[in-house]
1. All but one of (1) under 23 Å from B:Ala92 (Cα atoms); (2) at pLDDT below 95 hold for A:Gly104; state the number of the condition that does not hold.
2. Let me spell it out: the conditions are (1) hydrophobic (A, V, I, L, M, F, W, C); (2) within 11 Å of chain B (Cβ to nearest Cβ); (3) not in a strand (DSSP E or B), and A:Ile126 meets all of them except one. Which number is the exception?
3. Scan the stretch B:99-119 and report the pairs whose first residue is within 20 Å of A:Leu83 (Cβ to Cβ) and whose second residue is of a type in the set (Ser, Thr, Tyr), with Cβ atoms within less than 7 Å and a gap of 6+ or a chain change.
4. In this structure, is A:Val92 of a type in the set (A, V, I, L, M, F, W, C), surrounded by fewer than 21 Cβ atoms within 10 Å (Cβ to Cβ) and touching a Leu at 6+ places or on another chain (Cβ under 6 Å)?
5. Could you tell me whether A:Ala6 is in contact with a Cys (Cβ under 6 Å, 6 or more places away or on another chain), among the small types (Gly, Ala, Ser) and facing chain B (nearest Cβ under 10 Å)?
6. Considering each residue of the stretch A:12-69, count those that are away from chain B (no Cβ under 11 Å), more than 11 Å from the chain's Cα centre (by Cα) and assigned to a helix (DSSP H, G or I), and give that number.
7. Could you tell me whether the stretch B:12-25 includes any residue that is part of a strand (DSSP E or B) and modelled with pLDDT of 80 or more?
8. Just wondering, is there one or more residues in the stretch B:48-57 that are within 24 Å of A:Ile32 (Cβ to Cβ) and not acidic (Asp, Glu)?
Amino acid sequence: MREVIAAPRPGLDLRRHYGHHQSPAIRAGGLIFCSGMLPIDPETGERRHGTLTSEAHVILGNLKLLLEAAGSSLDRLVQVHALIYDSIEYDVLNRVYRQYVANGPPARTVWAAQIEAGFKIQLDVIAAA
Amino acid sequence: MVAARKIIPPPGAEPAAVGSPPPASLAVKGGDFLFVSGLTAVDLKTGARLHGTTASETRQILANLKQLLEAAGSSLDRVVKVNVLLHSMLEAPNMNDVYAQFFPDPPPARTVCGARLPDGAKVIIECTALA
C-alpha cells in the first residue's frame, strides 16, 4: 500500500506554492520516501536562499518536521543523497550535517548537481517508517 | 533466507533489436519494490533514441515507463518515488507540465535536479514502485 504524507506545515506544500507535481513524502513497504528537500520557509513557503550551511539548517529542520509528522525521525534515516551546487563545499556540508545525525549516520552519497532556483543544497532521503 | 531478485524483461522489443544494450536491466524486483533504471527517450520497439525537446522526451519516457510498469505487474499509481535528471534546471517547468499529465493525484514523491546526461539526453527518469 502507498500512503501519502501530507505537508506538516503550510509552507512545505511545494505543489501548492510552486506547482511541483509531487507529494511531500510517500510511505510504502516500511519505508518513507521524501521528495527532494529544499530550503523553504515551513510557514510561508518562501525560498530561504543563503549559504550552504544556512540552507542545510533550514532543510534539516524541514526534514525533521516531515519525518516526525510521518511517525519517523532523523534518527531513522536509512539513505541520504546530498546534492550540492559545488563539491568544493563538501567539508562545509559535513560540518552542518554531522550535527543532525549523531546517533549513527545513515548511508549517504554526495554529488554536485544543478539545484532548482539556484539553491546550494537539496537532500533526497529515505527513512524507516 | 535468500530473498528473490527478479529481473523484468523489457516490454516490446526483442533484446536483439536493441543492438548493443547497456549493461543494465530496465527494472529489477527486490523485496516489495520494483526498481526502474534511469530511462531516456527511446522507441521501445526499435530501441532507437528519440532526441527531442524536454517536453517530448519526458512524454516518451513516461509512456514507456507506464508500459514497463504494467508489463511488470505494477503501474504509475504504485510509484512511490521518482528522480528526474534534466540537462538544465531552466527546463523544469517544461518537464513538470508533461509529468503532471501522467501521474495520479496525489502524485509520488519526487526529486528533480540538473546534471550532465549521457548520449545527448535532455531528460532521464528513474523510479521506485511497489511491485
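1. (1)
2. (3)
3. What qualifies is B:Tyr99/B:Thr58; B:Pro108/A:Ser23; B:Ala109/A:Ser23; B:Ala109/A:Ser35; B:Arg110/A:Ser35; B:Thr111/A:Ser35; B:Gly114/B:Ser88.
4. Working: of a type in the set (A, V, I, L, M, F, W, C): yes; surrounded by fewer than 21 Cβ atoms within 10 Å (Cβ to Cβ): yes; touching a Leu at 6+ places or on another chain (Cβ under 6 Å): yes.
Yes.
5. Numbers: in contact with a Cys (Cβ under 6 Å, 6 or more places away or on another chain): no; among the small types (Gly, Ala, Ser): yes; facing chain B (nearest Cβ under 10 Å): yes.
Criteria not met by A:Ala6.
6. 7
7. Scanning the stretch B:12-25 turns up no residue that is part of a strand (DSSP E or B) and modelled with pLDDT of 80 or more.
8. no
The values are calculated or read from the model by the stated rules, or taken from the named source; none is laboratory data. Just so we're clear, the structure is a prediction, and the values are computed from it rather than from any experiment. Counting neighbours? That spans all protein chains shown, and the Cβs are built from the backbone with ideal geometry, glycine included.
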